[in-house]
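Encoded as structure tokens, the structure appears first; notes follow it.
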Amino acid sequence: MLKSKTFVKKTRSGGVMKIVREHYLRDDIWCGSEVCAECKQESAVLQRDACIESNLCTYPHYLIPDTNVVLHQIDVLEDPVIRNVIILQTVLQEVRHRSAPVYKRLKDIIHEKEKHFYTFTNEHHRDTFIEREPGESANDRNDRAIRVATKWYSQHLKTSESDAEGLKVVLLTNDQGNTQKAEESSLLVYKCMWSMFSIRGSTDPFKKLCVSTNEITSSKVLFPEHLPLSRIQAGIKSGSFLQGSFRASRDNYLEATVFVQGEGEDSTEVLIQGLQNLNRAVHQDVVAVQLLPRNQWVAPSAVVLQDEGTAKDDDAEEEEEEKALRISAAEAASKPTGKIVGIIKRSWRPYCGMLNASQIKESTRHLFTPADRRIPRIRIETRQSSTLAGQRIMVAIDGWPKHSRYPNGHFVRSLGSAGEKDTEQEVLLLEHDVPHQDFSQAVLSFLPKMPWAITPEDMVKREDLRHLTVCSVDPPGCTDIDDALHCRELDNGNLEVGVHIADVSHFIRPGNAMDKEAANRGTTVYLCGKRIDMVPELLSSNLCSLRSNVERMAFSCIWEMNDKAEILKTRFTKSVINSKASLTYAEAQMRIDDTTMNDDITQSLRGLNKLAKILKRQRIEKGALTLSSLEVRFHIDSETHDPIDLQTKELMETNSMVEEFMLLANISVAQKIYDEFPDCAMLRKHPAPPPSNYDILLKAAKSKNVEIHTDSAKALADSLDGAKVDGFPYFNTLLRILATRCMMQAVYFCSGMDSDFHHYGLASPIYTHFTSPIRRYADIIVHRLLAVAIAADSTYPDLMDKHKQSALANNLNYRHKMSQYAQRASVAFHTQLFFKSRGILNEAGYVLFVRKNAIIVLIPKFGLEGTVFFDTKDKAAPNLVFDEEGPTLKVEQHNFCIFDKVKVTISLDASNIQHQKIRMALIDPVIPGVSVPAPDVEPQAKKPKLDR
Amino acid sequence: MRKKTYQLPLCCCRCNVGIPIADCIQIRLVIYNPKCIYYKYFWAVCLAIVLPEKGRMGNVVRRRTRGALRCSSFEVCGNMAGLELLSDQGYRLDGRKATELRKVQARMGVFAQADGSAYLEQGNTKALAVVYGPHEMRGSRSRTRHDRAVINCQYSMATFSTAERKRRPHGDRKSTEMSLHLKQTFEAAVMTQLYPRSQIDIYVKILQSDGGNYSVCVNAATLAVIDAGIPMRDYVCACTVGFVDETPLADLCYAEESGGVSSLALALLPRGGQIALLQMDARLHQDHLEALIEAAMTACKGVSKVLDEVVRQHLEEVSVLSGE
């Protein structure tokens, strides 16, 4: 049965390699037609009466589409009307090569029995195989192969046919040249479009789809060329281009802003919209932008758009999405809009994420979806897709050619399987650029040798405060205690208050490896159940930590105050202390409240508490803001480390007591170091937000007929205090949460580089960080400055260099921001774990924001925020009317505005393993077609008893 | 020293549980304990040889896995999406069906000077085998066996055998390993006990390489040994099989071998169905092993038919020439 002829097929690949492959031709490949008597096939696929009702062909016929017809008219081929089609192997291979999604669809059709699609392996058939002729392009050869196969079929069917039914084969092609050549060799050819139009009973979508003529080629240039650096520089100089850092939008992959740092304070944001304009810029690149003419300016859209196309060929959809963007934008106020003309500096790093395996099983090219939504998907080549699927992996970008929809990259390493706690933690540390490796040997070599004790030499330079009744108050489980307090009555009736801060700068000497590492890390990062230390653990939890009943070195700030909390005298000194107790906030609170306790520690705490209350009142009078944000705390199972309960953190009097004295110490130190070093003091400022930031707050308050004044911090604080709505006790908290969102970030800066020192939130003219040197590097610098100021330590060049100081401040700001994001991400992840174990919950919440197609709901019980979308992909969108002014969103009949109370179900949406998210759906108010029926929530199942 | 290897207990490399070798002639390759809690999959890191008569483990050579998962992003040529090794219609890249072998052509007695020689083509893989001996021990006498002949194999690849010129035709790690495999195969097949204190040299050269080098070498060497008139228990026929889409593919070509298929090489003494050598260094689920070995044995039997034909035809020619 096998007659094998050896043919040699030569292909070139990589330009130089000559690949020799055998190519066997067979005579046992059957035509697949019921009519044929010659072929010894077991079951014929193609029917005898193959009649598509068509105006063009009244006789029974089989269709043979060519590659382009399949690629462009796959929707037509999918229609049930089209049956009895012969797909040639040549076509199948070309389709596979050019478009994975179409290939997938084609294969699905072939597998469908009712469609009667037959795959003819023409390349291995003895009579239909052709060799490429010299000078013939691969495409021409394939077209010829298709014609030869068609010809073979028509002759084969003619000879084998006994009855004169006139069964014919029709070649479908859109190509002019191909048509002509086929007609020359007397084949039946039809342009796909006409033949389809002439199909009787064809429905509307047919016509629409047939006309679409978008090109599917990989060589098409998708993006404009980037300008060379020289032209960019010239453009920036002449002012026609702007330089800025590119920030992709998290919600909308077709939108981004370029943050242009102007001279001095003024900085502008340029909006970029659409793939072409984004022109291959990746989040955080430094780019050159050209502003578009004013009539093309648009407004940022409020639509949430996610790149969900299956593969590279989703151009058509994208165009529609882009159009949608523009239409929505036209109505609203427009912003400066531009397009990217060049990239000045790429800031690519390895990205974490997951692989979307290609639909073709053997394919080596796959798309990678980064965990960060602002990063585009990356195409990588790997043969391990089956192993990598389901794992968190790291991928680095290699480049982004102008004809490629996605950047090209390569696989770096695997982090572990998705969903596991360790993997996820690693991912969020990497994603937030938190240095979390173990400390190197070089760093550890600078640790003091154990056993360590305070030497007499140390004592000489330090004040001995061991006799004082010092105690520390911290959250439970805290091992890095960096502050302790004391308060005692002096003989003259005044009070002496001391704040003692761990003397970390004694251990970390400037310029050594440990110092450099700490400066780079910038801050300790606290995740749920894990702490990433800034300094090695020996220091953070032992030698520096001001634990009770051990002698520790400290940097003390001691005030003499009268009972009105007025500071009479301030003194800074390096000291040695011996803390008498390390308390938690709750313990300290109990001691203060318990009237039966009258020991030194309790007395001291009461004194502190009394003063703190006065200090706080004074501060608030000056206009300090009390803002609100919900913080949650997990109860973590001690063995599995899974969260078992979740509650919002509650604040006690003692929290604010410690806070007041820390603020006081920080302000005192800030003043001192600024007086001594006006040029190079490390300070912290909190700029007043621009008035426009308050818009959302004002609108929200107005909806409840509450007036908020934002002229000054004091006015804001007062109006927030006064804002109350009857029967809505939670209103004030919600308002404060909103106010928090309006604020700017507080930042470190070097006093020599800036003129505005004001701290808006604390209403203090000057501020710094002094009180947590174990977990913040800024405090170490402040310690060093203060030590120099009181002649307790010597200075060093970098400390006095304002440029270096400023660069350091920038790094610290960055690390600080990233650590906050990492903490939030960690909380979010643990929240998900929690809800995973809980199943579906029904909770009441409040509308926090109103968006064009969604509302954002806050669940006070869990401090959880979630989005309720009204337009989902799988069902028709309800009638949505968005009013910018309210802002309100009218869904069918119901009007949502900020602060509305709603009821939602909360569940974990694990459909996208990469971005597992908390999904909320509306229960109350009931809107038909939108809200969901309230699921029965089973009472929390009792813990199964352990079997003995 | 040899005894020690005989008694090497087979145990799971992972959990170290000993696995009893059933007293069978065909041996199953068991390296990982199938019940091993660590691995559902196992790495075949072992090479087993069965002495056909005694039916027990001849010799176990443990090899380390070389690089668990090779990152192969740069091996892929150009723009090509991975090749579809087996189409839905059941055709392979070169048009064969899953169980079909490549075209085998062979000639015996191609060199007059050697005691035996053969040339064999299996598709595009072409090999030349030459046999000298049995003759007296050359070189070190210490290797002499008083009860049987020593087989000396040398495998090499011509510099022009691959698409890119090969730098080092023999003596590299791969060739040394291949020489060792050949030696083990033929020690199991040749009736060495008939020639005590002597030596048989088998030299094999790959002239063109297109996958399945080991099996082509074995097949060519078999013909050469027969040409030399050295008695064997049976033809030794070898074939590689790969596993794609739950289907075993017989006689892999280079494109298939490099396409990430887990392949297995098997040398068989077809009449008794005894395995002379079984080698696999890819990952494969235990459940599929049986089917794969079965397919390999069928393929080997196919090869043996062709070889038998070649030998008979050669004999006819020779007898015609010698005028009998």
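Given (1) modelled with pLDDT of 85 or more; (2) out of contact with any Asp or Glu (no Cβ under 9 Å at 6 or more places or on another chain), where does A:LYS158 come up short, assuming only one miss?
(1)
Check whether at least one residue in region A:340-356 is modelled with pLDDT under 80, out of contact with any Pro (no Cβ under 7 Å at 6 or more places or on another chain) and part of a loop (DSSP other than H, G, I, E, B), and report yes or no.
No - not one qualifying residue is present in region A:340-356.
Could you list, ordered by first residue, the pairs with Cβ atoms under 8 Å in which the first is in region B:246-274 and within 14 Å of chain A (Cβ to nearest Cβ) and free of Cβ contacts under 8 Å to residues at least 60 places away in the same chain and the second is assigned to a loop (DSSP other than H, G, I, E, B) and among the hydrophobic types (A, V, I, L, M, F, W, C), at least 6 apart or interchain?
Pairs found: B:LEU252/B:VAL261; B:SER262/B:ALA282.
Tell me which strands (runs of 3 or more DSSP E) are completely within region A:57-128 and hold 1 or more residues being surrounded by 20 or more Cβ atoms within 10 Å (Cβ to Cβ) and within 14 Å of chain B (Cβ to nearest Cβ), or say none if there are none.
On the way: elements: A:61-65, A:85-88, A:117-120.
Counting at least 1 such residues, we get A:85-88, A:117-120.
Condition first: closer than 30 Å to A:CYS528 by Cα and surrounded by 20 or more Cβ atoms within 10 Å (Cβ to Cβ). Now tell me which residues in region A:378-393 satisfy that.
If the condition is that a residue be closer than 30 Å to A:CYS528 by Cα and surrounded by 20 or more Cβ atoms within 10 Å (Cβ to Cβ), then A:LEU388, A:ARG392, A:ILE393 are the ones that fit.
In region A:548-586, what count of residues is obtained for those that are buried (at least 16 other Cβ atoms within 10 Å of the Cβ) and not hydroxyl-bearing (Ser, Thr, Tyr)?
Of the residues in that region, 18 qualify.
So for region B:50-63 (the condition being acidic (Asp, Glu) and modelled with pLDDT of 90 or more), does at least one residue qualify? Quick ask: steps written out before the conclusion?
In the first step, residues of region B:50-63 are kept if they are acidic (Asp, Glu); the result is B:53.
If we keep only those that are modelled with pLDDT of 90 or more too, we end up with none.
Scanning region B:50-63, I find no residue that is acidic (Asp, Glu) and modelled with pLDDT of 90 or more, so the answer is no.
As an exercise: evaluate A:LEU430 against (1) of a type in the set (A, V, I, L, M, F, W, C); (2) surrounded by 21 or more Cβ atoms within 10 Å (Cβ to Cβ); (3) not in a loop (DSSP other than H, G, I, E, B) and give the number of the one condition it does not meet.
(2)
Pairs, please: C-beta under 7 Å, at least 6 apart or cross-chain, first residue more than 24 Å from A:THR479 (Cα to Cα) and in region A:773-790, second buried (at least 24 other Cβ atoms within 10 Å of the Cβ) and aliphatic (A, V, I, L, M)?
What qualifies is A:LEU785/A:ILE673; A:LEU785/A:ALA681; A:LEU785/A:MET682; A:LEU786/A:VAL669; A:LEU786/A:ILE673; A:ALA789/A:ILE673.
Looking at (1) closer than 30 Å to A:LEU608 by Cα; (2) under 30 Å from the mean Cα position of the chain (by Cα), which is the one condition that is false for A:VAL497?
The failed condition is (2).
Which residues, taken from region A:351-378, are within 14 Å of chain B (Cβ to nearest Cβ), in contact (Cβ under 8 Å) with a residue 60 or more places away in the chain and in contact with a Gly (Cβ under 7 Å, 6 or more places away or on another chain)?
A:SER363
Criterion first (free of Cβ contacts under 8 Å to residues at least 12 places away in the same chain, charged (D, E, K, R) and within 14 Å of another protein chain (Cβ to nearest Cβ)) does B:ARG141 satisfy it? Can you show your working first?
Details: free of Cβ contacts under 8 Å to residues at least 12 places away in the same chain: yes; charged (D, E, K, R): yes; within 14 Å of another protein chain (Cβ to nearest Cβ): no.
Answer is no for this residue.
I'm trying to understand the selection: among the residues of region A:365-375, which are part of a loop (DSSP other than H, G, I, E, B) and surrounded by 23 or more Cβ atoms within 10 Å (Cβ to Cβ)?
Just the residues of region A:365-375 that are part of a loop (DSSP other than H, G, I, E, B), to begin with: A:371-375.
Once the filter is applied, which keeps residues that are part of a loop (DSSP other than H, G, I, E, B) and surrounded by 23 or more Cβ atoms within 10 Å (Cβ to Cβ), region A:365-375 yields only A:ILE375.
Can you find, within region A:398-410, the residue that is farthest from A:PHE223 (Cα to Cα) among those that are touching a residue at least 12 places away in the same chain (Cβ under 8 Å) and within 14 Å of another protein chain (Cβ to nearest Cβ)?
Among those residues, the one meeting the criterion is A:HIS410.
Of the conditions (1) at pLDDT 85 or above; (2) touching an Asp or Glu at 6+ places or on another chain (Cβ under 7 Å), A:PRO60 clears all except one; give me its number.
Of the numbered conditions (1) at pLDDT 85 or above; (2) touching an Asp or Glu at 6+ places or on another chain (Cβ under 7 Å), the odd one out for A:PRO60 is (1).
Of all the residues that make up region B:291-310, how many are closer than 17 Å to B:VAL244 by Cβ and either loosely packed, with under 14 Cβ neighbours inside 10 Å or modelled with pLDDT under 85 (or both)? Full working, then the answer.
Within region B:291-310, the first condition is being closer than 17 Å to B:VAL244 by Cβ, and the residues that meet it are B:291-296, B:298-299.
The next check asks that each one be either loosely packed, with under 14 Cβ neighbours inside 10 Å or modelled with pLDDT under 85 (or both); those that pass are B:294.
Residues meeting the conditions: 1.
Could you check region B:173-194 and list, in sequence order, the residues that are crowded, with 21+ Cβ neighbours inside 10 Å, touching a residue at least 40 places away in the same chain (Cβ under 8 Å) and either small (Gly, Ala, Ser) or not in a helix (DSSP H, G or I) (or both)?
B:ALA188, B:ALA189, B:VAL190
Pairs, please: C-beta under 7 Å, at least 6 apart or cross-chain, first residue touching a residue at least 40 places away in the same chain (Cβ under 8 Å) and in region A:138-153, second of a type in the set (Gly, Ala, Ser) and crowded, with 18+ Cβ neighbours inside 10 Å?
A:ARG147/A:ALA182
Would you pick out the residues in region B:125-146 that are part of a loop (DSSP other than H, G, I, E, B) and either modelled with pLDDT of 90 or more or small (Gly, Ala, Ser) (or both)?
B:GLY139, B:SER140
Between A:GLU631, A:GLU653, A:GLU639, which is at pLDDT below 80 and surrounded by 14 or more Cβ atoms within 10 Å (Cβ to Cβ)?
None of the other options fit; the residue is A:GLU653.
Would you confirm whether any residue within region A:158-169 is among the polar types (S, T, N, Q), away from every other protein chain (no Cβ under 14 Å), free of Cβ contacts under 8 Å to residues at least 40 places away in the same chain and surrounded by fewer than 20 Cβ atoms within 10 Å (Cβ to Cβ)?
For region A:158-169, residues among the polar types (S, T, N, Q), away from every other protein chain (no Cβ under 14 Å), free of Cβ contacts under 8 Å to residues at least 40 places away in the same chain and surrounded by fewer than 20 Cβ atoms within 10 Å (Cβ to Cβ): absent.
From the set of residues in region A:1-38 that are more than 10 Å from chain B (Cβ to nearest Cβ) and part of a strand (DSSP E or B), which is modelled with the highest pLDDT?
A:SER33
Do we have A:SER837 as free of Cβ contacts under 8 Å to residues at least 12 places away in the same chain and not β-branched (Val, Ile, Thr) here? Explain how you work it out, then say what you get.
Working: free of Cβ contacts under 8 Å to residues at least 12 places away in the same chain: no; not β-branched (Val, Ile, Thr): yes.
So A:SER837 fails the test.
If you check B:ILE230 against the conditions, is it under 30 Å from A:HIS23 (Cα atoms) and away from every other protein chain (no Cβ under 14 Å)?
So B:ILE230 fails the test.
Give me the residue from region B:149-168 that is surrounded by fewer than 17 Cβ atoms within 10 Å (Cβ to Cβ) and not hydrophobic (A, V, I, L, M, F, W, C) and, out of that set, nearest to the other protein chains (Cβ to nearest Cβ). It would help to see each step written out before you state the result.
Filtering region B:149-168 for residues surrounded by fewer than 17 Cβ atoms within 10 Å (Cβ to Cβ) gives B:159-160, B:162-165, B:167-168.
Imposing the further condition that a residue be not hydrophobic (A, V, I, L, M, F, W, C) reduces the set to B:159, B:162, B:164-165, B:167-168.
On the way: B:THR159: 16, B:THR162: 10, B:GLU164: 7, B:ARG165: 12, B:ARG167: 16, B:ARG168: 20 Å.
Within region B:149-168, the match that is nearest to the other protein chains (Cβ to nearest Cβ) is B:GLU164.
The values are calculated or read from the model by the stated rules, or taken from the named source; none is laboratory data. Bear in mind the structure is a predicted one, so any value in this text is a computation, not a measurement. Using ideal geometry, Cβ is built from the backbone for each residue, glycine included, and neighbour counts are taken over all protein chains shown.
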